[in-house]
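To keep things clear, I will list the structure first and then write my remarks on it.
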Amino acid sequence: GAGVSQTPSNKVTEKGKYVELRCDPISGHTALYWYRQSLGQGPEFLIYFQGTGAADDSGLPNDRFFAVRPEGSVSTLKIQRTERGDSAVYLCASSVSTDTQYFGPGTRLTVL
Amino acid sequence: AQSVTQLDSQVPVFEEAPVELRCNYSSSVSVYLFWYVQYPNQGLQLLLKYLSGSTLVKGINGFEAEFNKSQTSFHLRKPSVHISDTAEYFCAVIRTGGYQKVTFGTGTKLQVIP
């Protein structure tokens with residue numbers, strides 16, 4: 001079956017611009033997670049959705065980052081006033097159980 | 001809070017040789033343990049997981065790992081590596097009970113030398 005998909009696969013933007021990153025989870029997966037992977041590091045948690053609501057947003061670094069999941073399926077991670085330090089691979093994962101998360105291919109964000 | 005330590009950032013090994021990638025974790029609560037593999041410019045793929053039961057777990061591509069509670073370790077092993085195993089490997093933990101975030105180690109780059 002289809003796995004987690006993320007678009008775009010690459011995004012290049014200029015400092016100060018606004019970007020949106022999309023995640024389409026595995027069908028039927030109620031839980032959705034966003035992680036950020038900086039160069040040479042392991043992924044770090046950003047936010048978790050259960051259905052439409054953000055159950056845990058403790059990993060969002062500041063108020064420039066925001067995520068939504070209005071219909072309980074597709075999610076969008078939004079970054080305002082991008083900074084060079086936001087450059088990273090943004091990974092999305094989904095799960096239907098409390099143990100295993102399945103990851104998408106990621107979106108590589110480059111802020112010039 | 002949980003933490004994961006992967007002491008080896010890079011591990012070079014000759015093709016057909018055995019390999020062990022080390023992982024230690026720290027947690028005050030019960031956790032599940034995972035190994036993920038990341039091929040260049042790709043996402044994370046689940047290799048194997050330990051939830052409960054037998055401490056020796058087998059995964060895809062001939063990999064296995066052993067959970068050692070007393071040493072808080074979950075080392076990954078393969079008896080004979082192939083060129084195609086060249087990738088970055090991440091050890092990870094998740095707290096048991098309810099939906100939880102995954103805590104990852106910093107990764108180990110396995111380089112298989114022909």
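Quick one: in the stretch A:52-74, which of the residues that are away from chain B (no Cβ under 11 Å), among the aliphatic types (A, V, I, L, M) and in a strand (DSSP E or B) is farthest from B:Gln42 (Cα to Cα)?
The qualifying residue farthest from B:Gln42 (Cα to Cα) is A:Ala54.
Can you tell me which of (1) within 10 Å of chain A (Cβ to nearest Cβ); (2) of a type outside the set (D, E, K, R); (3) not in a strand (DSSP E or B) is the one B:Tyr32 doesn't meet?
With (1) within 10 Å of chain A (Cβ to nearest Cβ); (2) of a type outside the set (D, E, K, R); (3) not in a strand (DSSP E or B) applied to B:Tyr32, the lone miss is (3).
Of everything in the stretch B:21-71, what is surrounded by fewer than 13 Cβ atoms within 10 Å (Cβ to Cβ) and in contact with a Lys or Arg (Cβ under 9 Å, 6 or more places away or on another chain)? Give them in sequence order.
B:Val29, B:Ser30, B:Asn41, B:Thr55
If we keep just the residues of the stretch B:42-97 that are of a type in the set (D, E, K, R) and within 14 Å of the chain's Cα centre (by Cα), which is farthest from B:Pro114 (Cα to Cα)?
Once the filter is applied, the top-ranked residue is B:Lys49.
I'd like the full set of residues that are modelled with pLDDT of 95 or more, facing another protein chain (nearest Cβ under 10 Å) and either surrounded by fewer than 20 Cβ atoms within 10 Å (Cβ to Cβ) or farther than 18 Å from B:Gln2 by Cβ (or both), limited to the stretch B:83-105.
Once the filter is applied, which keeps residues that are modelled with pLDDT of 95 or more, facing another protein chain (nearest Cβ under 10 Å) and either surrounded by fewer than 20 Cβ atoms within 10 Å (Cβ to Cβ) or farther than 18 Å from B:Gln2 by Cβ (or both), the stretch B:83-105 yields only B:Glu88.
Where residues in the stretch A:75-95 are exposed (fewer than 14 other Cβ atoms within 10 Å of the Cβ) and over 12 Å from A:Leu21 (Cα atoms), which of them is farthest from the other protein chains (Cβ to nearest Cβ)?
Selected residue: A:Arg81.
Please verify whether A:Val111 is over 15 Å from the mean Cα position of the chain (by Cα), among the β-branched types (Val, Ile, Thr), farther than 23 Å from B:Tyr89 by Cα and exposed (fewer than 15 other Cβ atoms within 10 Å of the Cβ), treating the condition exactly as stated.
Spelling it out, it is not the case that A:Val111 is over 15 Å from the mean Cα position of the chain (by Cα), among the β-branched types (Val, Ile, Thr), farther than 23 Å from B:Tyr89 by Cα and exposed (fewer than 15 other Cβ atoms within 10 Å of the Cβ).
So which pairs qualify, if the first residue must be in the stretch A:39-51 and more than 7 Å from chain B (Cβ to nearest Cβ), the second must be charged (D, E, K, R), the Cβ gap must be under 7 Å, and the two must be at least 6 apart or on different chains?
A:Glu44/A:Arg36; A:Leu46/A:Arg36; A:Ile47/A:Asp56; A:Ile47/A:Asp57; A:Phe49/A:Arg69
Kindly list, by first and then second residue, each pair from a residue in the stretch B:44-72 that is within 12 Å of chain A (Cβ to nearest Cβ) to a residue that is in a loop (DSSP other than H, G, I, E, B) and modelled with pLDDT of 90 or more, limited to pairs with Cβ atoms under 7 Å and residues at least 6 apart or on different chains.
B:Leu47/B:Gly59; B:Leu47/B:Phe63; B:Leu48/B:Gly59; B:Leu48/B:Phe63
If I ask for residues that are under 14 Å from the mean Cα position of the chain (by Cα) and more than 7 Å from chain B (Cβ to nearest Cβ), which ones from the stretch A:27-38 would you list?
A:Leu32, A:Trp34, A:Tyr35, A:Arg36, A:Gln37, A:Ser38
Looking only at the stretch A:75-112, count every residue that is farther than 18 Å from A:Arg64 by Cα, assigned to a loop (DSSP other than H, G, I, E, B) and not polar (S, T, N, Q) and tell me the total.
Final tally of qualifying residues: 5.
Going by the conditions given, is B:Lys78 more than 11 Å from chain A (Cβ to nearest Cβ) and without any contact (Cβ under 8 Å) to a residue 40 or more places away in the chain?
no
Can we say A:Gly1 is loosely packed, with under 13 Cβ neighbours inside 10 Å and at pLDDT below 95?
yes
Condition first: out of contact with any Lys or Arg (no Cβ under 7 Å at 6 or more places or on another chain), outside any strand (DSSP E or B) and either modelled with pLDDT under 95 or of a type in the set (D, E, K, R) (or both). Now tell me which residues in the stretch A:10-25 satisfy that.
The answer is A:Glu14, A:Lys17.
The values are calculated or read from the model by the stated rules, or taken from the named source; none is laboratory data. Here the structure is a predicted model, which is why all the values come from computation and not from measurement. With ideal geometry, Cβ positions are generated from the backbone for all residues, glycine too; neighbour counts draw on all protein chains shown.
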